[in-house]
Amino acid sequence: MGFGDDEDILQDFLVEAGEILELLSEQLVDLEQRPDDTDLLNAIFRGFHTVKGGAGFLQLNAMVDCCHVTENLFDILRNGKREVTSELMDVVLQALDAVNLQFEQISQREELTPADASLIASLERLVSLEDLNDSAPAAAPAAAVEAVADTEAAVPEGDITDAEFESLLDAISDEGGAAAPAAKPAPAEEPVAAAGGGDDISEDEFEKLLDQLHGKGNAPAPAATPAPAPAPAPAPAASGGDPDGISESEFDDLLDQLHGKGNGPGRTEPSAPEPSSPAPAAAGGGGETITEDEFDALLDQLHGKGKISGDAGTAAKAAAPAAAEKPAAAPPKAAPAPKAKPPAATAKPKAKAPSADAQKPPAARAARDGGGQQANVAAGETTVRVDTQRLDDIMNMVGELVLVRNRLVRLGLKSSDEDLSKAVNNLDVVTADLQSSVMKTRMQPIKKVFGRFPRVVRDLARNLKKEINLELVGEDTDLDKNLVEALADPLVHLVRNSVDHGIELPANREAAGKPRIGKIILAAEQEGDHILLSITDDGGGMDPDKLRAIAVSKGVLDEDAAARLPDSEAFSLIFAPGFSTKEEISDVSGRGVGMDVVKTKITQLNGSIEIQSAMGEGTRIIIKVPLTLAIMPTLMIMVGRQTFALPLVSVNEIFHMDLRETNIVDSQECVTIREKAIPIFHLKRWLVNGAAFEESPEEAHVVIVSVGTQRVGFVVDQLIGQEEVVIKPLGKMLQGTPGMAGATITGDGTIALILDVPSMLKRYSG
Amino acid sequence: MPIKVLVVDDSNFFQQRLKEIINEHPEMQVVGIAANGREAIEKAESLRPDVITMDFEMPVMDGVTAVRAIMAKRPVPILMFSSLTYEGARITLDALEAGAVDFMSKNFAEISSDSATLKHKLHKQIKTIARKASSSASAPAAASRPARSASPSKAEPGRLKNRISLLVIGASTGGPVALPEVLKTLPANTPFPIVLVQHMPENFTKAFAERLNKQCRVKVKEAVDGDFLQPGVALLAPGGKQLMLDKRAGRVKVLDADARVNYKPSVDITFGSAANGYGDRVLAVILTGMGSDGCEGARMLKNKGSTVWSQDKESCIVYGMPMAVARANITDEVLSLKDIGPRILQEI
């Protein structure tokens, strides 16, 4: 199994096949829109072709089979012999799913399950230009049998002749010394022997011809190197053997003629040791693997040594056919053979072993040396594949460097040494560049996530009998690899939601005067150090009153609170745990857990999520996430004598205000900013030991923070400034402390806790 | 000086595997990798490789187009990787016609389930075609090279002593280009049957026969068991099988391959059966090819009194099989490829 065990090779395959499969799912959906696009058809064909090639290399046969028929199908499609239809696409997509499943199994190092036989059969029917709906049962088994391989066709005859073969084997063993060499070629020649019963004449003729050729001595050649194919195809098919082939006596005459020139096999001196060393190669030829080098050497020897060696070859060759021939035919030919065999048998291991040993080690060494050198020489490649773990490590170290830089900058400010502050400034710039470069190495286009949506939307829409066009905007927007992965699930959920709840059925759309085909736009763009993702649909929109009513009925809100809830916040109710507006639960969405999870996930990424919706016009969900997870810009604040970091993403504005002008609304202290009441909280009361009931100061800094669609104000003692921090997880003891996202080391060398605003509010304000 | 190899394949996976396998050989070195036909043309120009391995299915520009362009600019021996399907055969034959020297199955499992053998085969193939390049000019040039006059033949030029009742031609590497060259000269009313043996995988022979049939005036078809031998009809031995001749029935027999015979189809087998059936009335021609298949069959023919010709070294893509018969003193005449057809015409 040559290469299957090599982990590096497997990894290479997984990486490449993974990319291709992802691309394929996109391309296949595109294809449904543009069924006549030749370039696209070619690209898809190549995709399956390449995956098949790699799988073939690794002998992942189940995958090869599935890719193979699909590739064939696309060959037909690209040659215009068949049209792309949705039914055909269904089958092709199933095939892709099957390959994807196998791909998963490979990456999990599990055994491959072959693709569903009925799937392969449908693909084959498509390939053979049959109609899918044609009497399937009749066609399916036929196709399956065909696929199983021709070899089985010979099996029925084999039954009878197996016995013959056995008796032949017995006969051979009786010859004592001959048994050993004869037994080896036997397995390989089984099909020949087995089929021999069916067609004596032409088989015999063939054998004779072989003998004749061998008789010349040089030609152990054909026999010596077995065809590399694992099992030889069973010999003569049922071709009616003509009775008037060359007769036995004619053949003998010919042999005599030939031998007249040589010395005749019977008269070969068995003691001639030199020539008999190549001979065994011929004897074992049926089953042994003899490399071409040896074969070449053998040929040279034979050529060089002329007639003598030729005759030895003759003697030895008799052993090979003897194994295959019927007992009746064996005696005359085998008669001279035993003489030659014993020395042959002993010479064989000697001749083979040293040559194999002698060749391999130097060759291997040379290869290794050569490989090392050439790796250096063969430059010119512009990309390197790097393990993401290594990038993570680098990112971590850069993070540490950022911290040291922060500290130095702080120290530099205190010092009056101009040189030092210059050096520190330089360091500051270089570090910033380094940081952004390293971040870029971890960047991936969001396409990686977006790529799967065309398929998701297509399948879902087909399921729900809706007609939907998905538009992707800004697929090339780069963001951190970890983020790309983390965003995948929430986005899938939101998109499914838009398809299921957002877009109406075509009939309803037409009734509302909208185009029959709904539209969903999935967009990404970079905005400063953030990524904005939006999912926009032109569906029915959300009804805030309905949402309020449900919130009340589910006990999420009381009626008063619900009534006061502005529309924009009412939409956010869908993120509340246990909230589902669909009366029936489909398998698509609507179990009421999803949106809650989405919200949590986005928050974990230091992101925010917002919903805009207008009845009858559609809904837009906007997600804002930072570019990277590892380094976070924060606002450093002091509460008591402790430093805390607030994620800058959520900070809206900062006021220095007179706290005597606060109002109490709903037993909640509020300030009015631009005619809007914003609840304020005293962080000191929450976070500093023993300060829970401290009087509020007359004046203080208030940091306005947005949480979801709400805004709240935090009263803090002191503002330090903006700082980029590297998030370090909290120790085991503190892990999961509500309100704390992690810790970091600040510029002055102290430790600051990073606040997790949503969870802090949940813990303290509730 | 190691053999400099340019690997052309759009799959990163295959690029790396081929590079590893090729670099394992101490005398070979991958000097560059191209991901499509256009890059291949550029790199063939700038890196000046000794050998190019070429995939067919690639974006931007496919392999055959690239082969054509490279051969037009600066000929390099090219080894095609192809799938051994009927469709793959047609493409591969296109590539061979465009100037590629030889082909290998892209499905490595089909070549050998054992990686050592596979590597060995690939190395050998690259070595052989690289050697060819250094010893003489490139593939398509062979066909158009000025005639080498006066073949060093021992026999008298002109009519052979026996009337020919069968023409058999055996070829391997380079044969897909050499065979049509010979066959094209033969008229539709060629008075004897023709049997062709070209080393080729299954699926390929059918496409090859169809192509020959279009190019030549004689009718060419892939032999099926029981086909009659008829004047003016060339039967091509099917790949993966063995072809034997039955003089008395005037038919061919197609036998399934046998592990003991290295080549499927084997020139030796067909020539040998021709010797048995037709005795001294056969004209056998050994064309370009690796190895020595055909030598024993030719010897049998020769012993019966038939005539054996072989292609000369200069016009061969690989001077192996013709060399074997020439060295064994079996050959009656050594001919340049372009002289073989006209020389056969003299015998009609």
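What follows is calculated from the coordinates using simple rules that are stated; it is not laboratory data. What you see is a predicted model; the values in this text were computed from it and never measured. Reconstructed Cβ throughout: ideal geometry from the backbone, glycine too, with neighbour counts over all protein chains shown.
Could you tell me how many degrees, from 0 to 90 and to the nearest 10, lie between the Cα long axis of helix B:12-24 and the main elongation axis, the longest principal axis, of the Cα atoms of chain B?
70 degrees
Taking the Cβ of each residue in A:Val386, B:Val267, A:Val552, B:Val101 as the centre, tally the other Cβ atoms inside 10 Å and list the residues starting with the fewest. Don't skip to the answer; put the middle values down first.
Values: A:Val386 11, B:Val267 32, A:Val552 16, B:Val101 29.
In increasing order of surrounding Cβ atoms, one gets A:Val386, A:Val552, B:Val101, B:Val267.
For helix B:86-98, report the angle its Cα long axis makes with the longest principal axis of the Cα atoms of chain B; keep it between 0 and 90° and round to the nearest 10°.
90 degrees
Using the beta-carbon distance between A:Asn100 and A:Ser415 and R0 = 56 Å, what value does 1/(1 + (r/R0)^6) give for FRET efficiency, to the nearest 0.05? Don't skip to the answer; put the middle values down first.
Numbers: r = 60 Å, r/R0 = 1.07.
For R0 = 56 Å, the calculated efficiency reads 0.40.
What number comes out for the charge environment of B:Lys184, summing +1 per Lys or Arg and -1 per Asp or Glu over other residues with Cβ under 15 Å away?
Local net charge: +3.
What translational D, rounded to a whole number of µm²/s, comes out for segment A:651-737 from Stokes-Einstein when the hydrodynamic radius is the Kirkwood one over Cα pairs, at 37 °C and 0.692 mPa s? Don't jump to the answer; show the numbers that get you there.
Values: Rh = 14.6 Å.
Diffusion coefficient, whole number: 224 µm²/s.
Scan around B:Val285 for amide H atoms under 5 Å from its own, H built in the peptide plane at 1.01 Å from N, and keep only partners 5 or more places away or cross-chain.
B:Val168, B:Ile169, B:Gly170, B:Trp309
What does the charge count around B:Glu57 come to, taking other residues whose C-beta lies under 14 Å from its C-beta (Lys +1, Arg +1, Asp -1, Glu -1)?
Working: positive: A:Arg46, A:Lys52, A:Arg78, B:Arg90, B:Lys106; negative: A:Asp39, A:Glu71, A:Asp75, B:Asp9, B:Asp10, B:Asp55, B:Asp62, B:Glu87, B:Asp94.
That works out to -4.
How long are the semi-axes of the equivalent ellipsoid of segment B:166-347, defined as square roots of 5 times the Cα gyration tensor eigenvalues? Whole Å, largest first.
Details: eigenvalues 78, 66, 57 Å².
After diagonalising the Cα gyration tensor, the semi-axes are 20, 18, 17 Å.
Quick one: order B:Leu345, A:Leu648 by neighbouring beta-carbon count within 10 Å, fewest to most.
Numbers: B:Leu345 12, A:Leu648 18.
So the residues, fewest neighbours to most, are B:Leu345, A:Leu648.
Against the longest principal axis of chain B, how steep is helix B:295-304, in degrees 0 to 90 to the nearest 10, with axes from Cα atoms?
Its long axis makes an angle of about 10 degrees.
Using the reciprocal of the averaged 1/r over all distinct C-alpha pairs, how large is the Kirkwood radius of segment A:7-148 in Å? Could you put the intermediate results ahead of the total?
Values: mean 1/r = 0.0656 Å⁻¹.
Every distinct Cα pair counted, the radius reaches 15.3 Å.
Would you work out the Kirkwood radius for segment B:3-139? I mean one over the mean of 1/r across all pairs of different Cα atoms, in Å. Present the calculation step by step, with values, prior to reporting the outcome.
Working: mean 1/r = 0.0691 Å⁻¹.
Taking the inverse mean of 1/r over all distinct Cα pairs, segment B:3-139 comes out at 14.5 Å.
What are the equivalent ellipsoid semi-axes of chain B, built from the alpha-carbon gyration tensor (square roots of five times its eigenvalues), in whole angstrom, biggest first? Let's see the in-between values first.
Numbers: eigenvalues 243, 85, 65 Å².
After diagonalising the Cα gyration tensor, the semi-axes are 35, 21, 18 Å.
In this model, which of B:Lys253/B:Lys304; B:Lys214/B:Lys338; B:Lys4/B:Lys121; A:Lys440/B:Lys43 are farther than 26 Å apart at the alpha-carbon?
Numbers: B:Lys253/B:Lys304 21 Å; B:Lys214/B:Lys338 20 Å; B:Lys4/B:Lys121 17 Å; A:Lys440/B:Lys43 30 Å.
Too far apart for the 26 Å limit: A:Lys440/B:Lys43.
Would you kindly state how much longer the chain becomes between A:Asn61 and A:Asn469 on full extension, computed as 0.36 nm times their sequence separation minus their alpha carbon distance, in nm to one decimal? Spell out each step's value before the answer.
Numbers: separation 408, 0.36 × 408 = 146.88 nm, distance 3.71 nm.
The A:Asn61-A:Asn469 span can extend by a further 143.2 nm.
If you build a Gaussian network model of chain B, linking Cα atoms that sit under 10 Å apart, which residue out of B:Leu337, B:Leu47, B:Leu229 swings the most?
B:Leu47
State the Kirkwood hydrodynamic radius of segment A:388-442 in Å, one decimal place, computed from all pairs of distinct Cα atoms. All intermediate terms of the calculation are to be shown ahead of the outcome.
Values: mean 1/r = 0.0846 Å⁻¹.
Its Kirkwood hydrodynamic radius stands at 11.8 Å.
Give me log10 I(q)/I(0) at q = 0.17 Å⁻¹ for segment A:445-625, Debye formula, one equal scatterer per alpha-carbon, no solvent.
Taken in order of the listed q values, log10 I(q)/I(0) reads -1.11.
Mean separation of Cα pairs under 8 Å and 6+ residues apart, divided by the residue count of chain B: what relative contact order is that in percent? Walk me through the numbers on the way to the answer.
Numbers: 785 pairs, mean separation 49.0, N = 348.
Taking the mean separation of contacting Cα pairs over the length of chain B, I get 14 percent.
Exposure proxy check: B:Ile41, A:Ile44, B:Ile52, B:Ile348 ranked by fewest other beta carbons within 10 Å? Please list the in-between numbers first.
Numbers: B:Ile41 22, A:Ile44 26, B:Ile52 29, B:Ile348 13.
Exposure proxy ranking, most exposed first: B:Ile348, B:Ile41, A:Ile44, B:Ile52.
If you average the sequence gap of Cα pairs under 8 Å that are 6 or more apart and divide by the length of segment A:388-442, what percent do you get for the contact order?
Relative contact order here is 52 percent.
Using a basic spin-label model with each label point 7 Å from the Cα along Cα→Cβ, how many nm lie between B:Lys73 and A:Asp545?
If labels sit at B:Lys73 and A:Asp545, their model points lie 7.3 nm apart.
Using a Förster radius of 25 Å, what is the FRET efficiency between B:Glu42 and A:Thr383 based on their Cβ-Cβ separation? Nearest 0.05, please. Working shown, then result.
Working: r = 18 Å, r/R0 = 0.72.
With a Förster radius of 25 Å, E is 0.90.
Step by step: find N for segment A:63-111, compute 2.2 N^0.38 Å, then divide the Cα radius of gyration by it. What's the final number?
1.31
Multiply the residue gap between B:Thr117 and B:Ala188 by 0.36 nm, knock off their C-alpha separation, and tell me the result in nm, one decimal place. The partial results should precede the final answer.
On the way: separation 71, 0.36 × 71 = 25.56 nm, distance 4.38 nm.
Extra length from B:Thr117 to B:Ala188 when fully extended: 21.2 nm.
Which ³J(HN,Hα) values, rounded to whole Hz and listed in residue order, are derived for segment A:622-627 from phi using the Karplus coefficients 6.51, -1.76 and 1.60 in 6.51 cos²θ - 1.76 cosθ + 1.60 with θ = phi - 60°, glycine and proline given as x?
Couplings: 10, 10, 10, 10, x, 5 Hz.
Taking amide H positions as placed in the peptide plane 1.01 Å from N, state which residues far from A:Ile754 in sequence (5 or more) or on other chains have amide H under 5 Å from it.
Under 5 Å from the amide H of A:Ile754: A:Ala645, A:Ala741, A:Gly742, A:Ala743, A:Thr744.
Which links in B:Lys106/B:Lys264; A:Lys448/A:Lys554; A:Lys465/A:Lys762; B:Lys119/B:Lys264; A:Lys448/A:Lys519; A:Lys81/B:Lys221 stretch past 30 Å when you go from one Cα to the other? Please list the in-between numbers first.
Details: B:Lys106/B:Lys264 19 Å; A:Lys448/A:Lys554 38 Å; A:Lys465/A:Lys762 41 Å; B:Lys119/B:Lys264 21 Å; A:Lys448/A:Lys519 21 Å; A:Lys81/B:Lys221 25 Å.
The answer is A:Lys448/A:Lys554; A:Lys465/A:Lys762.
Using Cα pairs closer than 8 Å and at least 6 residues apart in sequence, work out the relative contact order for segment A:691-766, in percent.
Working: 82 pairs, mean separation 14.8, N = 76.
Relative CO of segment A:691-766 lands at 19 percent.
Starting from the Cα of A:Glu675, step 7 Å along the direction of its Cβ; do the same at A:Glu87; then give the gap between the two resulting points in nm.
In this crude label model, A:Glu675 to A:Glu87 measures out at 6.4 nm.
Run the numbers for A:Leu427 and A:Phe693: contour at 0.36 nm per residue of separation, minus the present Cα-Cα distance, in nm. Don't jump to the answer; show the numbers that get you there.
Values: separation 266, 0.36 × 266 = 95.76 nm, distance 4.51 nm.
Computed gain between A:Leu427 and A:Phe693 is 91.3 nm.
Among B:Pro59, B:Pro193, B:Pro49, determine the one that fluctuates most according to a GNM of chain B built with springs between C-alpha atoms less than 10 Å apart.
Taking springs between Cα atoms under 10 Å, the residue moving most is B:Pro59.
Can you say what percent of the DSSP beta bridges in chain B, counting only those with both residues inside, are antiparallel? Round to 5.
The antiparallel fraction comes to roughly 15 percent.
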